[in-house]
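Quick one: the structure is below, and I'll ask about it shortly.
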Amino acid sequence: MICLYGRLDDARGYEIRDFLKRSVVEFKWIEMSSDEDCAQQLGLPATGNLRLPVLVTPDGTLLSAPTLKDVAAALGFVTNPRLREYDVSIYGAGPAGLSAAVYAASEGLKTVLIERGAVGGQAGTTSMIENYLGFPEGIAGADLAERARQQALKFGVEILVMREGVKAEFRDGKIWVDLADGGEMIARSNICATGVDWRRLGVEREADFLGGGVYYGAGASEAPYCSGEHVFVVGGGNSAGQAVMHLAEHAAKVSMLVRNHALSTSMSSYLIDRIKSTPNVEVRYCSEISGLDGDETLRKVAVTSPDGTVSWEDTGRLFVAIGGVPHTEWAKDTLIVRDSAGYLVTGSDLITEGKLPDCWPLERAPYYLETSVPGSFAAGDVRHRSIKRVATAVGEGAMAVSFVHRFLEEG
Ligand SMILES: Cc1cc2nc3c(=O)[nH]c(=O)nc-3n(C[C@H](O)[C@H](O)[C@H](O)COP(=O)(O)OP(=O)(O)OC[C@H]3O[C@@H](n4cnc5c(N)ncnc54)[C@H](O)[C@@H]3O)c2cc1C
């Protein structure tokens, strides 16, 4: 088994724990107090260059203070594209991208799936998805993603992780995408399934404590380390609710801070019932985080109550789940139409006052999931007016592939 040595409050250590957890890679976490402590434990000279966190693979390869790319490479995850050109390139390996990849490859298209982090997207960060069809007991998001990854590989999808599409260009009837590490990807069509990223709180010192007490999302990898602690969760939607329930299994107390008078209307009613009946969970309505304090890690949060009073409360962990912003920066210099929040506009939503945008070049109208550039599709949360659900993302991924076929047949 992989062994990961580190300090619990170290941001790089958290990043690696999170990546391994989301990638469904079993590992043993071994708490260390210093680099020297670790060197001694591993029987290495204390004067060496060993820096925490340290990852040791089952074959004995030792990585000192590795980047996520180093870790992914050590696990054999990072590969280079095998082909010069693909029928379809899919960006984002969340539920939408994985579904698109499975259907595209199973239907004979040369398919590449490009993911900038770990496979699974937001779904991969959630401890339990209970409303996905066919899993009456629920399924951990990372497990669902891992099953989909294996299915995609079985059909011959090339999955490139730790690769990010940063700029797209449409010419010669193809999409050319620059990758962050300098590579280039060429395909006859593409599906953007880049989802959304967590919105930040926007309070002072937030960046100082990232991964060192402040976490975005469900905290699936961190919950086991919260034993006996009082932790805070910000947000009133489904994802915050799931984080609360998962953390409540380990922490002494979970305080959920909700900006409004009630839990979000988008939160599933089964989750609301559970939150209200869990004794170590308190919900504070009309409350917000207004400050953060600590040294190397988070020690206190300032909570503003409905009457405007601010109280500083001791805690080492704050989980933020307040919705997201779409990943569509890559499209900014293209003819792809985005809405005011940055979501990709597709199909009939492109029509305003009975007219398609001037940039649309074809006689036919755009297909349902097609953007304003023919052959470029969007699926899942990144799409304008999308329904933020795993099932919807999976459905749209599959549907986008049928439009890819129609587009490719147009020649
Ligand atoms: C904590 C939590 C709990 C949830 N619980 C549920 C639930 O119980 N039931 C439910 O139905 N839904 C749930 N959801 C919502 C659900 O997870 C999302 O609707 C779904 O994951 C959206 O899938 P997606 O593929 O569109 O996008 P995402 O899951 O956001 O995946 C997008 C992927 O694209 C990658 N990416 C971004 N930009 C680039 C780029 N430029 N190049 C390459 N890759 C890129 C990202 O790294 C990410 O992996 C939950 C969400 C969260 C966060």
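All other residues with a Cβ under 13 Å from the Cβ of Gly397 taken together, and with Lys, Arg as +1 and Asp, Glu as -1, what is their net charge? Don't skip to the answer; put the middle values down first.
Working: positive: Arg383, Arg389; negative: Glu107, Asp381, Glu396.
Here the charged neighbours net out to -1.
List the GluC sites (Glu not before Pro) within the range 257-329 that fall in a DSSP loop (any state other than H, G, I, E or B) and whose Cβ has at most 16 other Cβ atoms within 10 Å. Could the numbers behind the result be given before it?
Working: sites: Glu282, Glu288, Glu296, Glu313, Glu329; in loops: Glu296.
Those that pass, being in a loop and sparsely packed, are Glu296.
Here's another thing I want to ask about it. So how strong a dipole does the range 166-268 carry about its Cα centre when Lys and Arg Cβ are +1 and Asp and Glu Cβ are -1, to the nearest 20 debye? Please list the in-between numbers first.
On the way: 9 positive and 12 negative charges, 75 e Å.
My answer is approximately 360 debye.
On a 0 to 90 degree scale, rounded to 10, what angle separates helix 238-248 from the longest Cα axis of the chain?
Here the helix axis deviates by roughly 30 degrees.
Starting at 0 and stepping by 10 Å, how many percent of the alpha carbon pairs of the chain end up in each bin?
In whole percents, the pair-distance histogram is 5, 21, 28, 25, 16, 5, 1, 0.
Something else: Quote the charge dipole size of the chain about the Cα centre in Debye, to the nearest 20; the model charges only the Cβ of Lys and Arg (+1) and of Asp and Glu (-1).
Magnitude of the dipole: close to 700 debye.
Check cross-link reach from Lys167 to the aspartates and glutamates: straight Cα distance under 16 Å, and skip same-chain residues fewer than eight apart.
Straight-distance partners of Lys167: Glu115, Asp178, Asp181, Glu184, Glu329, Asp333.
Now a separate question. Which ³J(HN,Hα) values, rounded to whole Hz and listed in residue order, are derived for the range 62-72 from phi using the Karplus coefficients 6.51, -1.76 and 1.60 in 6.51 cos²θ - 1.76 cosθ + 1.60 with θ = phi - 60°, glycine and proline given as x?
Couplings: 10, 10, 9, 6, x, 7, 4, 5, 4, 5, 4 Hz.
Would you list which aspartates and glutamates come within 16 Å of Lys28, measuring only between C-alpha atoms, while excluding same-chain residues fewer than 8 positions from it?
Here the aspartates and glutamates satisfying the reach criterion relative to Lys28 are Glu15, Asp18, Asp59, Glu222.
Let me ask another. What residues have an amide H closer than 5 Å to that of Val320, excluding those fewer than 5 places away on the same chain, when H is modeled at 1.01 Å from N in the peptide plane?
Hits under the 5 Å cutoff: Tyr215, Tyr216, Gly217, Val234.
How would the range 207-320 be classified by its alpha-carbon gyration tensor: rounded, prolate or oblate, with rounded meaning a/c under 1.5 and the a/b versus b/c comparison settling the rest? Could you put the intermediate results ahead of the total?
Details: a/c = 1.74, a/b = 1.20, b/c = 1.45.
It comes out oblate by the Cα gyration axes.
Just the Kirkwood number for the range 109-205, please: inverse of mean 1/r across all distinct Cα pairs, in Å, one decimal. Numbers along the way, then the final one.
Working: mean 1/r = 0.0640 Å⁻¹.
By the Kirkwood definition, the hydrodynamic radius is 15.6 Å.
Among Lys21/Lys110; Lys174/Lys332; Lys21/Lys69; Lys253/Lys276; Lys110/Lys154; Lys154/Lys388, which pairs are too far apart, with a Cα-Cα distance over 19 Å? Walk me through the intermediate numbers first.
Details: Lys21/Lys110 30 Å; Lys174/Lys332 17 Å; Lys21/Lys69 15 Å; Lys253/Lys276 13 Å; Lys110/Lys154 13 Å; Lys154/Lys388 28 Å.
As for pairs spanning more than 19 Å Cα to Cα, those are Lys21/Lys110; Lys154/Lys388.
Taking a ≥ b ≥ c as the square roots of the Cα gyration tensor eigenvalues, with a/c under 1.5 meaning rounded and otherwise prolate when a/b beats b/c, else oblate, which class fits the range 2-74?
The shape class here is prolate.
No value in this document is a laboratory result; all are computed from the given coordinates. Please read these numbers as outputs of a predicted model, since none were measured by experiment. So basically every Cβ, Gly included, is an ideal-geometry build from the backbone, and we count neighbours across all protein chains shown.
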